[in-house]
Amino acid sequence: MEKITVADARKVEAIGKQVLLQGWVRTRRDSKGGFSFIELNDGSCQGNVQIVAPGELANYESEIKKIPTGASIAVEGEVKASPAKGQPTEVQATSVRVLGGADSETYPLQKKGHSYEFLRTIAHLRPRTNTFGAIARLRNQVCKSIHDFFQEQGFLYIHTPIITASDCEGAGELFRVSTIDPEKPARTETGAIDYTKDFFHKPAFLTVSGQLQVESFACSMGKVYTFGPTFRAENSNTPRHLAEFWMIEPEMAFYELTDNMDLAEAFLKRIIKDALERCDEDLRFFQERVDKEVFTRLKTVLEKPFLRVSYTEAVDILLKSGQTWEFPVAWGNDLQSEHERFLTEKHFKNPVILYNYPRTLKPFYMKVNDDGRTVRAMDVLVPGVGEIIGGSQREERLDVVESRMKEQGLNPEGYQWYLDLRRYGTVPHAGFGLGLERTILFLSGMANIRDVIPFPRTPGSAEF
Ligand code: ATP
Ligand code: MN
């Protein structure tokens with residue numbers, strides 16, 4: 001008796017094996033011939049395996065005939081070639097044991113399809129649906145590809161802190177980490193809250209990015225990456241923003257902006273290629289049920305070189321496009337999702353890397369170009385999502401980075417350790433951040449970022 005997964009039981013190689021299978025019942029029906037068909041799933045793949053439970057089994061009338069959707073069972077039996085269409089194998093059961101029942105009056109996942117909105121209210125059970133099982137497997141594969149890609153190229157995986165006292169973006173979208181009692185906080189003589197009495201003896205926050213810290217390892221080990229959760233208290237109720245999301249941030253010494261672009265393109269292509277090769281069944285599910293463009297989009301992005309267009313050129317294109325915009329287009333304005341999606345989906349119909357943004361739009365750590373007006377920033381835009389990567393060549397000149405901090409109202413005193421990287425052995429370096437959930441949106445065609453992370457955290461919602 002071999003304990004196997006549904007995925008393995010569905011393969012022809014399993015035919016003839018005596019096996020033990022354990023999982024959750026998707027459906028069960030009686031057949032005229034006096035036996036039951038059970039569709040069993042254990043999360044190992046999109047498909048179910050069909051269990052044929054004969055009427056002769058001792059618990060057939062008392063238990064098997066009453067097994068409801070959602071129950072957990074253990075099945076012993078032999079894998080056989082299936083006479084039915086669409087499934088290579090089935091399992092002829094010699095024993096079916098019910099591990100846990102599921103009250104069909106209250107079990108929320110009955111056979112009918114449910115809206116994604118409803119499924120968010122039962123996020124603890126939604127991984128038992130086809131869609132969320134597929135998302136979980138796809139996320140897993142993408143994470144594996146991320147590590148494979150960097151490890152094969154000699155990058156070191158660095159763990160950057162989750163709690164930090166520096167605000168990487170200077171955008172003030174920070175969650176405070178504090179043990180101060182909000183009812184009776186310690187106060188200074190002037191009546192302000194006294195953070196020197198707080199846990200870290202100063203204000204502390206959840207990180208918005210591991211970049212600043214990972215730069216210190218790039219500027220000693222060469223090629224590194226960090227990959228972890230990041231937190232943004234931005235009140236953006238959009239289908240593309242979460243308050244807690246996962247970000248992959250490579251950082252490379254001796255890389256300039258074009259090297260950074262080359263890496264970002266190769267990295268995204270590797271993720272797509274692996275997903276096409278290793279998540280075929282799940283991608284076919286998304287193609288059929290979620291977004292008819294999945295395969296065309298992925299194959300186009302894989303095959304075409306990413307276009308490289310300066311911010312200034314992009315603004316010209318948008319101004320000449322004849323479109324009406326919700327947010328006005330002008331040199332110096334930030335590009336909004338509507339502009340980014342127009343460029344990648346309508347105008348170029350291709351992934352686009354926009355670069356050289358106005359210095360006023362971008363954080364202090366981006367390298368200032370010789371024109372003085374722009375910085376070596378790059379955003380990668382892809383059809384279906386818009387911005388998926390943000391990155392830059394970093395400013396390696398001590399005096400420039402210091403004056404950029406002041407220009408943005410930041411006190412260089414708080415960043416002495418970061419400035420030391422420019423003080424001692426400074427080198428050109430560059431890096432970027434890829435949002436994991438935006439990547440899953442892109443691969444799956446799912447419309448809402450809340451549906452591609454196990455337990456979404458958004459303004460007003462931190463359930464489960
Ligand atoms: P946006 O303009 O879409 O808010 P951003 O410019 O704030 O993005 P960066 O700070 O450059 O984004 O972060 C790098 C990447 O992290 C983005 O390209 C995106 O893929 C992802 N990302 C950023 N903010 C979020 C968020 N709130 N939820 C999910 N992913 C995000
Ligand atoms: Mn943002």
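Report, by residue number, each residue of segment 207-240 that is over 23 Å from Val385 (Cα atoms), within 16 Å of ligand 1 (Cβ to nearest atom) and open to solvent by 40 Å² or more (accessible area, probe 1.4 Å). Hits for segment 207-240: nothing passes. The set of residues in segment 436-461 being open to solvent by 10 Å² or more (accessible area, probe 1.4 Å) and either part of a helix (DSSP H, G or I) or within 14 Å of ligand 2 (Cβ to nearest atom) (or both) consists of Arg438, Arg450, Thr458, Pro459.
Helices (runs of 4 or more DSSP H) fully within segment 218-324 that include at least 3 residues being away from ligand 2 (no atom under 16 Å from the Cβ) and closer than 24 Å to Ser444 by Cα: 257-278, 280-289, 294-303. Among the residues making up segment 270-316, those that are among the hydrophobic types (A, V, I, L, M, F, W, C) and touching a strand residue (DSSP E or B) at 6+ places or on another chain (Cβ under 8 Å) are Val301, Phe306, Leu307, Val309, Ala314. Checking each residue in segment 145-157 for being within 21 Å of the chain's Cα centre (by Cα) and not in a strand (DSSP E or B) picks out Ser145, Ile146, His147, Asp148, Phe149, Phe150, Gln151, Phe155. Among the residues of segment 105-144, the ones that are assigned to a loop (DSSP other than H, G, I, E, B) and in contact with a Leu (Cβ under 9 Å, 6 or more places away or on another chain) come to 6 in all. Per the listing Thr188, Thr160, the residue uniquely more than 16 Å from the chain's Cα centre (by Cα), surrounded by fewer than 17 Cβ atoms within 10 Å (Cβ to Cβ) and away from ligand 2 (no atom under 16 Å from the Cβ) is Thr188.
The residues of segment 29-88 that are hydroxyl-bearing (Ser, Thr, Tyr) and within 14 Å of Arg10 (Cα to Cα), listed by number, are Ser44, Ser82.
Checking Phe342, Phe432, Phe348 one by one, the residue that is of a type in the set (A, V, I, L, M, F, W, C) and open to solvent by 50 Å² or more (accessible area, probe 1.4 Å) is Phe348 and no other. Say we look at segment 409-435 and pick out the residues that are at pLDDT 95 or above and among the aliphatic types (A, V, I, L, M); which of these is farthest from ligand 2 (Cβ to nearest atom)? Within segment 409-435, the match that is farthest from ligand 2 (Cβ to nearest atom) is Val427.
Of all the residues in segment 113-128, those that are surrounded by 15 or more Cβ atoms within 10 Å (Cβ to Cβ) and modelled with pLDDT under 95 number 1.
Taking the criterion of being over 19 Å from Tyr424 (Cα atoms), out of contact with any Ser or Thr (no Cβ under 7 Å at 6 or more places or on another chain) and within 16 Å of ligand 1 (Cβ to nearest atom), the residues of segment 365-398 that qualify are Asp379, Val380, Gly384, Val385, Glu387, Ile389, Gly390, Gly391, Ser392.
Going by the conditions given, is Lys269 surrounded by fewer than 21 Cβ atoms within 10 Å (Cβ to Cβ), among the basic types (Lys, Arg) and in contact with a helix residue (DSSP H, G or I) (Cβ under 8 Å, 6 or more places away or on another chain)? Criteria met by Lys269.
The values are calculated or read from the model by the stated rules, or taken from the named source; none is laboratory data. Quick caveat, the model's predicted, so the values are computed rather than measured. Cβ: placed from backbone, ideal geometry, glycine included. Neighbour counts: every protein chain shown. Surface accessibility is based on the protein's heavy atoms, side chains included, excluding ligands, DNA and RNA. Shrake-Rupley method; radii C 1.70, N 1.55, O 1.52, S 1.80 Å.
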